[in-house]
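The values are calculated or read from the model by the stated rules, or taken from the named source; none is laboratory data. Keep in mind that what you see is a predicted model, and the values were worked out from it rather than measured. Virtual Cβ from ideal backbone geometry, glycine too; neighbours counted across all protein chains shown. To get the accessible areas, we keep the full protein, side chains included, count just its heavy atoms, and leave off ligands, DNA and RNA. Shrake-Rupley method; radii C 1.70, N 1.55, O 1.52, S 1.80 Å.
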Amino acid sequence: MPTFRTTDDVTLAFTDEGRGATVVLVHGFTAPATAWVLTVDALLAAGHRVVTFDRRAHGESETPAHGQRMARHGRDLGELLDHLDLTDVTLVGASMGGNTVWAYVDQFGPGRLAGVVVVDQTPKMLNDDSWPHGFYGYDASNAATHFDHGVPQLDGGRTVDRSGPAVARLAERLGGFPAFRDSTAPETLPLLRDHALQDWRDVVRRFPLPLLMLAGRESQVWSCEHAEAAVAGTALGRALVIEDAGHAISIDQPDRFNEVLLDFLGEVATR
């Protein structure tokens, strides 16, 4: 994979394939960019340029002790767009990758963008009286400790066995399972804690371009109602719930996900 150097001296790996309207895929917490491979295949077949990258301390990118916060991850995304001189980009962020997109927009604005797709990521993980769509069981009473040992195990949502065939399909395409990082590692745990405390609702609300918030009907981490609540008041935002899918929509339902994404890209292209 090619690499580039960030302004705080971290080497990040990326891929850049195809020609046409550009889509940048931003993976979730601990996932590698290779987890997007079935979506990359579909986008290339449809005539798009596709960029993926491994965020710091993920995949094949360098693992520094510094910069493990959402603001820096958003800046890394911005520096990648600068490095490749990309414009009219559609950003697609899954899970924490979705809030990495908002961290980018918050710092750099939407000038390089054509649209955004967020895949099963609530803009606010902490539940309170104004927002009941956060991470299950996470509120002010345990905000300081809830993610001290990684992502807590939850009992609800789509079961692992039902996702087995989809995961096997991904592994067959890759020639092995994607190499996820340890969520409790000292270089990733601070990022998780920082991610959990952020509130991106004002950034979402002010976003002026086409926005699609996707939610898995059977998400294991928060209610699917978060997507509709997040786009309330946005200029060009809409929400869609994907049936028979958990949190990892693009893995659980890759064909449906790719269909929805390509439809959205078609809508963006006609604006």
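Here are some notes:
- Whole-Hz Karplus values for segment 71-88 come out as 4, 5, 5, x, 5, 4, 4, x, 5, 5, 4, 5, 4, 8, 6, 8, 9, 6 Hz, taken residue by residue from phi with 6.51 cos²θ - 1.76 cosθ + 1.60 and θ = phi - 60°; glycine and proline positions read x.
- Per residue, in Å², the accessible surface of the chain once ligands and nucleic acids are set aside, probe 1.4 Å: 42 Å²
- Modelled spin-label separation between LEU240 and ARG256, with each label point placed 7 Å from Cα along the Cα-to-Cβ direction: 1.1 nm.
- Distance (nanometres) between label positions extended 7 Å along Cα→Cβ at THR7 and ARG271: 2.6 nm
- Dimensions of segment 1-154 from C-alpha coordinates, computed as largest minus smallest value along each principal axis and given longest first, are 49, 31, 29 Å.
- Apportionment of accessible area to carbon and sulfur, segment 72-173, percent (1.4 Å): 50 percent
- Here the simple spin-label model places points 7 Å from the Cα toward Cβ, and for ARG206 and LEU174 these points are separated by 3.7 nm.
- Over segment 167-271, the reciprocal of the mean inverse Cα-Cα separation, the Kirkwood hydrodynamic radius, stands at 16.0 Å.
- The antiparallel fraction among DSSP beta bridges confined to segment 1-109 stands at about 45%.
- Alpha-carbon spread of segment 42-128, three principal axes, descending order, Å: 41, 33, 25
- Cut-off 20 Å (backbone N to label point 7 Å along Cα→Cβ of ASP85), residues of segment 99-135: 111-114
- Estimated [θ] at 222 nm from DSSP helical runs (n ≥ 4, -39500 (n - 2.57)) normalised by residues in the chain, nearest 500: -10500 deg cm²/dmol
- Here the 3J(HN,Hα) profile of segment 229-235, calculated from phi with Karplus coefficients 6.51, -1.76 and 1.60 at θ = phi - 60°, is 5, 5, 8, 4, x, 7, 5 Hz, Gly and Pro shown as x.
- Unit Cα scatterers, Debye sum, segment 81-214: log10 I(q)/I(0) for q = 0.14, 0.21, 0.23 Å⁻¹: -0.83, -1.33, -1.36
- Across segment 123-242, Cα pairs under 8 Å and at least six residues apart give a relative contact order of 29 percent.
- Take the Kirkwood radius over Cα pairs of the chain, plug it into Stokes-Einstein at 4 °C and 1.567 mPa s, and you get 70 µm²/s for translational diffusion.
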